[in-house]
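Here is the structure we will look at, set down as C-alpha coordinates.
The values are calculated or read from the model by the stated rules, or taken from the named source; none is laboratory data. None of the values given here were measured: they were computed from a predicted structure. Cβ sites come from the backbone with ideal geometry, for glycine too, and all protein chains shown count toward neighbours. Just so you know, the surface numbers come from the protein's heavy atoms only, side chains and all, with ligands and any DNA or RNA stripped out. Shrake-Rupley method; radii C 1.70, N 1.55, O 1.52, S 1.80 Å.
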Amino acid sequence: MSLLSATLLGTHFANPLLNASGVHCRFNTELDELAASAAGSLVTKSCTVLARDGNPEPRYFATPLGSINSMGLPNAGYQYYLDYAKAYDYAAGKPLLFSVAGLSLEDNLTMLAAIKAAATPAIVELNLSCPNVPGKPQIAYDFAAMDRMLDAVSRDYALPFGVKMPPYFDIAHFDEAAAILNKYPLVAFVTCINSIGNALVIDTETESVVIKPKDGFGGIGGDYVLPTALANVNAFYRRCPAKQIIGCGGVKTGEHVFMHLLAGASLVQVGTALYEEGPGIFTRLNAELTTILQRKGYQSLDEVRGKLRTL
Ligand code: SIN
(Lines give C-alpha, C1' and ligand atoms only; values in the text may rest on other atoms or scores of the structure.)
Protein backbone atom coordinates (compact mmCIF):
# COMPACT_ATOMS: atom_id res chain seq x y z
CA MET A 1 0.00 0.00 0.00
CA SER A 2 1.42 3.37 -0.95
CA LEU A 3 1.21 6.68 0.91
CA LEU A 4 -1.66 7.96 -1.28
CA SER A 5 -3.74 4.75 -1.39
CA ALA A 6 -7.45 5.19 -0.79
CA THR A 7 -10.54 2.97 -0.68
CA LEU A 8 -14.20 3.50 -1.47
CA LEU A 9 -16.77 0.70 -1.13
CA GLY A 10 -13.91 -1.71 -0.56
CA THR A 11 -12.35 -0.78 -3.92
CA HIS A 12 -8.69 0.26 -4.03
CA PHE A 13 -7.66 3.63 -5.49
CA ALA A 14 -4.00 4.48 -6.14
CA ASN A 15 -4.66 8.01 -4.92
CA PRO A 16 -7.69 9.99 -3.71
CA LEU A 17 -8.03 12.32 -6.71
CA LEU A 18 -10.60 12.37 -9.48
CA ASN A 19 -12.51 14.88 -11.57
CA ALA A 20 -15.75 16.45 -10.40
CA SER A 21 -18.56 15.21 -12.60
CA GLY A 22 -19.14 17.79 -15.32
CA VAL A 23 -15.49 18.62 -15.90
CA HIS A 24 -13.57 16.86 -18.67
CA CYS A 25 -15.94 13.89 -18.80
CA ARG A 26 -18.66 14.49 -21.39
CA PHE A 27 -16.95 12.62 -24.22
CA ASN A 28 -15.02 9.35 -24.41
CA THR A 29 -11.90 11.22 -25.51
CA GLU A 30 -12.00 13.33 -22.33
CA LEU A 31 -12.67 10.29 -20.14
CA ASP A 32 -9.75 8.50 -21.79
CA GLU A 33 -7.51 11.49 -21.00
CA LEU A 34 -8.53 11.26 -17.34
CA ALA A 35 -7.88 7.51 -17.40
CA ALA A 36 -4.40 8.25 -18.76
CA SER A 37 -3.74 11.00 -16.21
CA ALA A 38 -2.40 10.75 -12.65
CA ALA A 39 -5.94 10.83 -11.22
CA GLY A 40 -6.77 7.83 -9.05
CA SER A 41 -10.17 7.44 -10.70
CA LEU A 42 -12.67 9.26 -12.88
CA VAL A 43 -16.38 10.00 -13.00
CA THR A 44 -18.57 10.38 -16.06
CA LYS A 45 -20.68 13.46 -16.86
CA SER A 46 -24.03 13.37 -15.04
CA CYS A 47 -26.34 11.74 -17.55
CA THR A 48 -29.99 11.82 -18.43
CA VAL A 49 -32.08 9.24 -20.30
CA LEU A 50 -31.79 11.15 -23.57
CA ALA A 51 -28.81 13.14 -24.81
CA ARG A 52 -28.98 16.89 -24.08
CA ASP A 53 -27.24 19.88 -25.65
CA GLY A 54 -27.62 21.78 -22.38
CA ASN A 55 -28.18 25.50 -21.89
CA PRO A 56 -27.24 28.22 -24.43
CA GLU A 57 -23.66 29.54 -24.47
CA PRO A 58 -21.79 31.26 -22.95
CA ARG A 59 -22.52 29.01 -19.97
CA TYR A 60 -19.15 28.84 -18.15
CA PHE A 61 -17.07 31.81 -17.08
CA ALA A 62 -13.84 31.88 -15.05
CA THR A 63 -13.08 34.70 -12.61
CA PRO A 64 -10.00 35.37 -10.45
CA LEU A 65 -11.76 33.57 -7.58
CA GLY A 66 -13.24 30.60 -9.41
CA SER A 67 -16.00 30.03 -11.91
CA ILE A 68 -19.70 30.32 -12.58
CA ASN A 69 -21.56 27.86 -14.79
CA SER A 70 -25.01 27.00 -15.96
CA MET A 71 -24.29 24.09 -18.26
CA GLY A 72 -27.75 22.50 -18.00
CA LEU A 73 -26.60 18.88 -18.09
CA PRO A 74 -25.18 18.66 -21.61
CA ASN A 75 -24.51 14.95 -21.99
CA ALA A 76 -24.59 12.15 -24.53
CA GLY A 77 -27.35 10.15 -22.84
CA TYR A 78 -26.87 7.32 -20.36
CA GLN A 79 -26.38 4.61 -22.99
CA TYR A 80 -23.22 6.36 -24.22
CA TYR A 81 -21.68 6.30 -20.72
CA LEU A 82 -22.92 2.76 -20.15
CA ASP A 83 -21.15 1.67 -23.34
CA TYR A 84 -18.02 3.40 -22.01
CA ALA A 85 -18.41 1.64 -18.63
CA LYS A 86 -18.82 -1.74 -20.37
CA ALA A 87 -15.70 -1.27 -22.49
CA TYR A 88 -13.62 0.30 -19.71
CA ASP A 89 -10.41 -1.46 -18.66
CA TYR A 90 -11.00 -1.92 -14.91
CA ALA A 91 -7.99 -4.24 -14.71
CA ALA A 92 -5.75 -1.22 -15.36
CA GLY A 93 -6.50 -0.32 -11.74
CA LYS A 94 -8.40 2.96 -12.01
CA PRO A 95 -12.00 2.63 -10.74
CA LEU A 96 -14.79 4.30 -12.72
CA LEU A 97 -17.66 6.24 -11.16
CA PHE A 98 -20.91 6.65 -13.12
CA SER A 99 -22.85 9.86 -12.49
CA VAL A 100 -26.62 9.77 -12.97
CA ALA A 101 -28.88 12.85 -12.94
CA GLY A 102 -32.31 11.89 -14.19
CA LEU A 103 -34.88 14.64 -14.64
CA SER A 104 -37.39 12.58 -12.63
CA LEU A 105 -37.51 9.64 -10.24
CA GLU A 106 -38.74 7.44 -13.07
CA ASP A 107 -35.80 8.48 -15.27
CA ASN A 108 -33.34 7.61 -12.52
CA LEU A 109 -34.96 4.20 -12.02
CA THR A 110 -34.83 3.54 -15.77
CA MET A 111 -31.13 4.38 -15.99
CA LEU A 112 -30.22 2.54 -12.80
CA ALA A 113 -32.03 -0.60 -13.98
CA ALA A 114 -29.93 -0.58 -17.17
CA ILE A 115 -26.72 0.11 -15.23
CA LYS A 116 -27.51 -2.74 -12.85
CA ALA A 117 -28.30 -5.11 -15.71
CA ALA A 118 -24.94 -4.31 -17.32
CA ALA A 119 -23.24 -5.51 -14.10
CA THR A 120 -20.02 -3.54 -14.62
CA PRO A 121 -17.77 -2.64 -11.64
CA ALA A 122 -18.62 1.08 -12.13
CA ILE A 123 -19.76 2.83 -8.94
CA VAL A 124 -22.92 4.96 -9.19
CA GLU A 125 -22.93 8.57 -7.96
CA LEU A 126 -26.55 9.79 -8.02
CA ASN A 127 -26.63 13.54 -8.56
CA LEU A 128 -29.32 15.12 -6.34
CA SER A 129 -28.03 18.64 -6.75
CA CYS A 130 -27.85 20.06 -10.28
CA PRO A 131 -28.84 23.74 -9.95
CA ASN A 132 -28.93 24.52 -13.66
CA VAL A 133 -31.94 22.90 -15.32
CA PRO A 134 -34.66 25.54 -15.64
CA GLY A 135 -37.85 24.37 -13.95
CA LYS A 136 -36.13 21.49 -12.10
CA PRO A 137 -35.28 22.43 -8.50
CA GLN A 138 -32.41 20.65 -6.77
CA ILE A 139 -33.84 17.45 -5.28
CA ALA A 140 -31.65 17.58 -2.20
CA TYR A 141 -33.19 20.95 -1.26
CA ASP A 142 -36.61 19.23 -1.09
CA PHE A 143 -36.19 16.77 1.76
CA ALA A 144 -39.45 14.91 1.10
CA ALA A 145 -38.49 14.41 -2.57
CA MET A 146 -34.98 13.30 -1.58
CA ASP A 147 -36.43 10.77 0.87
CA ARG A 148 -38.76 9.37 -1.83
CA MET A 149 -35.88 9.19 -4.31
CA LEU A 150 -33.56 7.33 -1.94
CA ASP A 151 -36.34 4.98 -0.86
CA ALA A 152 -37.20 4.05 -4.44
CA VAL A 153 -33.57 3.79 -5.59
CA SER A 154 -32.65 1.67 -2.56
CA ARG A 155 -35.51 -0.72 -3.30
CA ASP A 156 -35.10 -0.92 -7.09
CA TYR A 157 -31.35 -0.59 -7.60
CA ALA A 158 -30.58 -2.47 -4.38
CA LEU A 159 -26.80 -2.03 -4.67
CA PRO A 160 -24.50 0.39 -2.81
CA PHE A 161 -24.36 3.84 -4.40
CA GLY A 162 -23.37 7.41 -3.58
CA VAL A 163 -25.16 10.74 -3.69
CA LYS A 164 -23.87 14.11 -4.92
CA MET A 165 -25.19 16.76 -2.56
CA PRO A 166 -25.59 20.50 -2.79
CA PRO A 167 -24.10 22.69 -0.08
CA TYR A 168 -26.18 23.34 3.03
CA PHE A 169 -25.75 26.46 5.13
CA ASP A 170 -27.61 25.77 8.34
CA ILE A 171 -27.01 23.23 11.11
CA ALA A 172 -30.68 22.24 11.07
CA HIS A 173 -30.34 21.37 7.37
CA PHE A 174 -27.17 19.31 7.97
CA ASP A 175 -29.11 17.41 10.67
CA GLU A 176 -32.18 16.85 8.52
CA ALA A 177 -30.30 15.82 5.37
CA ALA A 178 -28.03 13.46 7.32
CA ALA A 179 -30.99 11.87 9.10
CA ILE A 180 -32.55 11.06 5.71
CA LEU A 181 -29.28 9.71 4.28
CA ASN A 182 -28.80 7.56 7.38
CA LYS A 183 -32.17 5.85 6.77
CA TYR A 184 -30.64 4.23 3.68
CA PRO A 185 -27.69 1.89 4.29
CA LEU A 186 -27.18 1.44 0.54
CA VAL A 187 -26.21 5.12 0.36
CA ALA A 188 -22.58 4.18 0.89
CA PHE A 189 -20.96 7.53 0.17
CA VAL A 190 -21.88 11.20 0.12
CA THR A 191 -20.18 13.65 -2.26
CA CYS A 192 -20.03 17.18 -0.83
CA ILE A 193 -20.49 19.60 -2.59
CA ASN A 194 -21.94 20.48 -5.96
CA SER A 195 -21.53 24.14 -6.95
CA ILE A 196 -23.16 26.81 -4.80
CA GLY A 197 -26.20 27.29 -6.97
CA ASN A 198 -27.78 30.38 -8.42
CA ALA A 199 -25.07 32.92 -7.79
CA LEU A 200 -24.57 35.99 -9.97
CA VAL A 201 -21.29 37.33 -11.39
CA ILE A 202 -21.39 40.86 -12.81
CA ASP A 203 -18.91 42.48 -15.21
CA THR A 204 -18.80 46.17 -14.28
CA GLU A 205 -17.27 47.26 -17.62
CA THR A 206 -20.11 45.83 -19.67
CA GLU A 207 -22.59 46.21 -16.79
CA SER A 208 -23.71 42.72 -17.68
CA VAL A 209 -24.01 39.20 -16.43
CA VAL A 210 -21.28 36.86 -17.75
CA ILE A 211 -23.26 33.75 -18.72
CA LYS A 212 -26.37 33.55 -20.87
CA PRO A 213 -28.70 31.00 -19.21
CA LYS A 214 -31.12 31.98 -16.44
CA ASP A 215 -30.37 35.71 -16.75
CA GLY A 216 -26.80 35.07 -15.61
CA PHE A 217 -27.59 32.95 -12.53
CA GLY A 218 -25.34 29.92 -12.15
CA GLY A 219 -23.42 27.64 -9.81
CA ILE A 220 -20.10 28.90 -8.49
CA GLY A 221 -16.99 26.84 -7.82
CA GLY A 222 -13.31 27.40 -7.09
CA ASP A 223 -11.95 29.62 -4.30
CA TYR A 224 -15.43 30.98 -3.60
CA VAL A 225 -16.58 27.61 -2.25
CA LEU A 226 -13.66 25.97 -0.41
CA PRO A 227 -14.76 26.82 3.16
CA THR A 228 -18.38 25.86 2.39
CA ALA A 229 -17.20 22.57 0.86
CA LEU A 230 -15.01 21.78 3.89
CA ALA A 231 -17.90 22.52 6.26
CA ASN A 232 -20.22 20.20 4.35
CA VAL A 233 -17.63 17.41 4.17
CA ASN A 234 -17.05 17.66 7.91
CA ALA A 235 -20.74 18.02 8.77
CA PHE A 236 -21.65 14.81 6.91
CA TYR A 237 -18.51 12.99 8.08
CA ARG A 238 -19.60 13.63 11.67
CA ARG A 239 -23.26 12.80 11.10
CA CYS A 240 -22.94 9.76 8.80
CA PRO A 241 -20.36 7.50 10.49
CA ALA A 242 -21.39 4.45 8.43
CA LYS A 243 -20.85 6.26 5.14
CA GLN A 244 -17.79 7.55 3.30
CA ILE A 245 -17.45 11.12 2.10
CA ILE A 246 -16.07 12.39 -1.20
CA GLY A 247 -14.88 15.98 -0.93
CA CYS A 248 -15.48 18.37 -3.81
CA GLY A 249 -15.09 22.12 -3.94
CA GLY A 250 -12.32 24.68 -4.17
CA VAL A 251 -9.42 22.27 -4.68
CA LYS A 252 -6.51 23.69 -6.64
CA THR A 253 -3.49 22.72 -4.50
CA GLY A 254 -2.28 19.67 -2.57
CA GLU A 255 -2.92 21.66 0.61
CA HIS A 256 -6.60 21.95 -0.34
CA VAL A 257 -6.72 18.16 -0.84
CA PHE A 258 -5.14 17.75 2.60
CA MET A 259 -7.83 20.03 4.10
CA HIS A 260 -10.60 17.90 2.57
CA LEU A 261 -8.96 14.75 3.99
CA LEU A 262 -8.69 16.31 7.45
CA ALA A 263 -12.38 17.26 7.23
CA GLY A 264 -13.24 13.62 6.57
CA ALA A 265 -13.02 12.95 2.83
CA SER A 266 -11.96 9.53 1.54
CA LEU A 267 -11.61 10.77 -2.04
CA VAL A 268 -11.35 14.32 -3.40
CA GLN A 269 -12.78 15.66 -6.66
CA VAL A 270 -11.40 18.57 -8.66
CA GLY A 271 -13.70 20.83 -10.72
CA THR A 272 -12.86 24.41 -11.65
CA ALA A 273 -9.08 23.95 -11.33
CA LEU A 274 -9.24 20.90 -13.63
CA TYR A 275 -11.27 22.91 -16.12
CA GLU A 276 -8.64 25.68 -16.08
CA GLU A 277 -5.46 23.57 -15.87
CA GLY A 278 -6.37 20.31 -17.64
CA PRO A 279 -5.69 16.72 -16.55
CA GLY A 280 -2.00 17.46 -15.88
CA ILE A 281 -3.21 18.99 -12.61
CA PHE A 282 -3.42 15.54 -11.03
CA THR A 283 0.36 15.04 -11.24
CA ARG A 284 0.90 18.37 -9.48
CA LEU A 285 -1.74 17.74 -6.79
CA ASN A 286 -0.37 14.28 -5.98
CA ALA A 287 3.15 15.70 -5.69
CA GLU A 288 2.04 18.57 -3.45
CA LEU A 289 -0.04 16.26 -1.25
CA THR A 290 2.88 13.82 -0.93
CA THR A 291 5.19 16.65 0.14
CA ILE A 292 2.76 17.74 2.88
CA LEU A 293 2.19 14.19 4.14
CA GLN A 294 5.92 13.45 4.26
CA ARG A 295 6.75 16.74 5.98
CA LYS A 296 4.19 15.91 8.66
CA GLY A 297 5.34 12.29 8.98
CA TYR A 298 2.10 10.61 7.88
CA GLN A 299 2.33 7.04 6.59
CA SER A 300 -1.17 6.77 5.09
CA LEU A 301 -4.32 8.75 4.30
CA ASP A 302 -6.11 6.75 7.03
CA GLU A 303 -4.03 8.63 9.58
CA VAL A 304 -5.29 11.97 8.23
CA ARG A 305 -8.94 11.35 7.39
CA GLY A 306 -11.31 13.16 9.73
CA LYS A 307 -8.53 14.07 12.16
CA LEU A 308 -9.49 17.75 12.12
CA ARG A 309 -8.94 19.26 15.55
CA THR A 310 -11.39 21.60 17.23
CA LEU A 311 -10.45 24.30 19.73
C1 SIN B 1 -24.64 21.21 -15.26
O2 SIN B 1 -24.55 20.42 -16.21
O3 SIN B 1 -25.39 22.18 -15.28
C4 SIN B 1 -23.82 20.97 -14.02
C5 SIN B 1 -24.25 19.72 -13.37
C6 SIN B 1 -24.34 19.86 -11.90
O7 SIN B 1 -24.00 20.90 -11.33
O8 SIN B 1 -24.79 18.92 -11.26
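Remarks
- Check on N108, in a helix (DSSP H, G or I), within 16 Å of the ligand (Cβ to nearest atom) and touching a Leu at 6+ places or on another chain (Cβ under 8 Å): yes
One line per residue, one yes/no per condition, for (1) among the charged types (D, E, K, R); (2) closer than 28 Å to A179 by Cβ; (3) in contact (Cβ under 8 Å) with a residue 40 or more places away in the chain; (4) open to solvent by less than 70 Å² (accessible area, probe 1.4 Å):
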| position | (1), (2), (3), (4) |
| --- | --- |
| G218 | no, no, yes, yes |
| G247 | no, yes, yes, yes |
| S266 | no, yes, yes, yes |
| L274 | no, no, yes, yes |
| I281 | no, no, no, yes |
| T291 | no, no, no, no |
| V304 | no, yes, yes, yes |
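- Residue match in the stretch 89-104 (condition: surrounded by fewer than 20 Cβ atoms within 10 Å (Cβ to Cβ), away from the ligand (no atom under 16 Å from the Cβ), over 26 Å from L285 (Cβ atoms) and without any contact (Cβ under 8 Å) to a residue 24 or more places away in the chain): no
- Within the stretch 60-78, tally of residues that are away from the ligand (no atom under 13 Å from the Cβ) and touching a strand residue (DSSP E or B) at 6+ places or on another chain (Cβ under 9 Å): 7
- Residue in the stretch 29-44 that is open to solvent by 30 Å² or more (accessible area, probe 1.4 Å), in contact with a Pro (Cβ under 8 Å, 6 or more places away or on another chain) and within 13 Å of the ligand (Cβ to nearest atom) present: no
Rundown of residues vs (1) in a loop (DSSP other than H, G, I, E, B); (2) aliphatic (A, V, I, L, M), yes/no style:
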{"position": "M149", "(1), (2)": "no, yes"}
{"position": "F174", "(1), (2)": "no, no"}
{"position": "A177", "(1), (2)": "no, yes"}
{"position": "L181", "(1), (2)": "no, yes"}
{"position": "P185", "(1), (2)": "yes, no"}
{"position": "V190", "(1), (2)": "no, yes"}
{"position": "N194", "(1), (2)": "yes, no"}
{"position": "G197", "(1), (2)": "no, no"}
{"position": "E205", "(1), (2)": "yes, no"}
